[in-house]
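The values are calculated or read from the model by the stated rules, or taken from the named source; none is laboratory data. From a predicted model like this one, the values you see are computed outputs, not experimental measurements. Cβ coordinates were reconstructed from backbone atoms using ideal geometry, including for glycine residues, and neighbour counts include every protein chain displayed. All accessible areas refer to the heavy atoms of the entire protein, side chains included, with ligands and DNA or RNA removed. Shrake-Rupley method; radii C 1.70, N 1.55, O 1.52, S 1.80 Å.
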Amino acid sequence: EKGKISKKSLEENISIGINCGSFSYADIPHQFKYIMGVTGTLKTLSEPEKEVVQKVYGISKNTYAPSVFGKNNLGFSEKNDIFVENQDDYFNRIKNEIECRIVGKIPETKRSVLVFFDSKKKLLEFYNSETFSLMKNNTDILIEETTPDEKEKVIKYATVSGKITLLTKSFGRGTDFISRDQIVIANGGTHVVQTFLSEELSEEVQIKGRTARQGQTGSYSLVLLDSSLEWFLIKKEEIQENKGAYYNLLNEKRNNKFRDQYETNKDNIIKARERHKESQAFLLAISSGNMKEVEKFLLEQN
C-alpha cells in the first residue's frame, strides 16, 4: 500500500504463519516398542543421565564391549596438559600449543593438529587474530556451513603431516579423522587441542576420541579462558588455588552445574510433554476427520 516493496516481492513473501502444534524430542522415543542405544560414552554418563536412561526410557541392560584395537593410546596428563589463561594470554597459549605439538619426535618432521572451538565466532576470532596470522597458510577451517564436498576434503587432509585444522565442537562427535600419513603415525599421531570446557564429560570424551583411533597413538590438551569458567561458577581464586591440579575442580564444578541444569530441564520437559500430547491429539483429529477438534486446537494455538 505504501509502495515500499514491489508487487513481485509481495507475492513471494506474503503469508500467514499457523501454529500447528509442537513435539517434544524427549518423548519421541516412546513411540517405539523397543529402544536400544549404541554409544562410545556410556561409562561417562552422570547419575541423573543414567537415571533417565533406566527409568524414563526403560533401558536397563548395559553391555560394555572392549575395542577390537586393544588399549587406547591417547597421551594426556591432567597435571601437564591443562592450561587456564586470562584474556591477554589465551590466544597465545593456543598458538603455542599448536607450535609445540606439531613438532615431531623425529627431527625435521611434523605431526597434525586439530583445534576445537566452542563456536564459529570464537574460531574465526582466533583465525583472524594477529596472533595466528603467520600460521594461516597451512590451516583449514571446518564449520557447520562448510559444503559437503569441502568438508570431505578437509577431513581427509586434516591428519596429513604439518596440517592444522580449526573446527567447531559439532565435529567432535562422529567424525573420523584417521591418519594414513606414516610420518604423522611415526611421530605420535594427531594432537587435539580443546579450547573450552565441555558442559558434559561425554562430549569431552568424544573430542578426545578424534585422535588415537583404531589402535593409533595420539595426544590431547585443554586450553581454557579463565572468564569462560565463570559459567560453571568457578572463581578465579579457585583456579589459582588449584594450579597444576585443575581437572578435579573443573569436573566437580561441571557436574554440579549439570545437576542444577538437569532440574530445570525436568520442568521444561514436563511442560513440553503436555504440548506434545495435545499436538498428537490434533494429528489424530485430522486423520479421523474430526474437524471440530481440529478447529478448536488451531484457534487455541493461534
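Selection of first residues in the stretch 253-272 that are touching a residue at least 60 places away in the same chain (Cβ under 8 Å) and of second residues that are open to solvent by 90 Å² or more (accessible area, probe 1.4 Å) and part of a helix (DSSP H, G or I), restricted to Cβ pairs under 9 Å at least 6 apart or on distinct chains, gives the following pairs, ordered by first then second residue: Asn255/Glu47; Arg259/Glu47; Ala272/Tyr25.
Quick one: is Glu11 without any contact (Cβ under 8 Å) to a residue 60 or more places away in the chain, more than 28 Å from Gln261 (Cα to Cα) and not in a loop (DSSP other than H, G, I, E, B)?
Considered against the rule, which asks whether it is without any contact (Cβ under 8 Å) to a residue 60 or more places away in the chain, more than 28 Å from Gln261 (Cα to Cα) and not in a loop (DSSP other than H, G, I, E, B), Glu11 comes out as yes.
When restricted to residues that are more than 25 Å from Gly75 (Cα to Cα), touching a Phe, Trp or Tyr at 6+ places or on another chain (Cβ under 9 Å) and touching a residue at least 24 places away in the same chain (Cβ under 8 Å), the stretch 110-125 contains 2. Among all residues of the stretch 127-135, there is at least one that is open to solvent by 50 Å² or more (accessible area, probe 1.4 Å), over 18 Å from Gly189 (Cα atoms) and part of a loop (DSSP other than H, G, I, E, B). Taken over the stretch 156-198, residues that are among the aliphatic types (A, V, I, L, M), assigned to a helix (DSSP H, G or I) and farther than 16 Å from Gly215 by Cβ amount to 1. Applying the criterion of being out of contact with any Leu (no Cβ under 6 Å at 6 or more places or on another chain) and of a type in the set (A, V, I, L, M, F, W, C) to the residues of the stretch 133-157, the residue that is farthest from Glu203 (Cα to Cα) is Leu134.
Whenever a residue of the stretch 287-302 is free of Cβ contacts under 8 Å to residues at least 60 places away in the same chain, its partners that are surrounded by 10 or more Cβ atoms within 10 Å (Cβ to Cβ) and part of a helix (DSSP H, G or I), lying with C-beta atoms within less than 6 angstrom and at least six residues away or across chains, give the pairs Glu293/Ala285; Val294/Ala285; Val294/Ile286. Within the stretch 22-69, which residues are open to solvent by 50 Å² or more (accessible area, probe 1.4 Å) and in a helix (DSSP H, G or I)? Correct list: Tyr25, Ile28, His30, Gln31, Lys43, Glu47, Lys50, Glu51, Gln54, Lys55, Val56.
Answer with yes or no whether Glu108 is at pLDDT 95 or above, over 21 Å from the mean Cα position of the chain (by Cα) and open to solvent by 100 Å² or more (accessible area, probe 1.4 Å).
no
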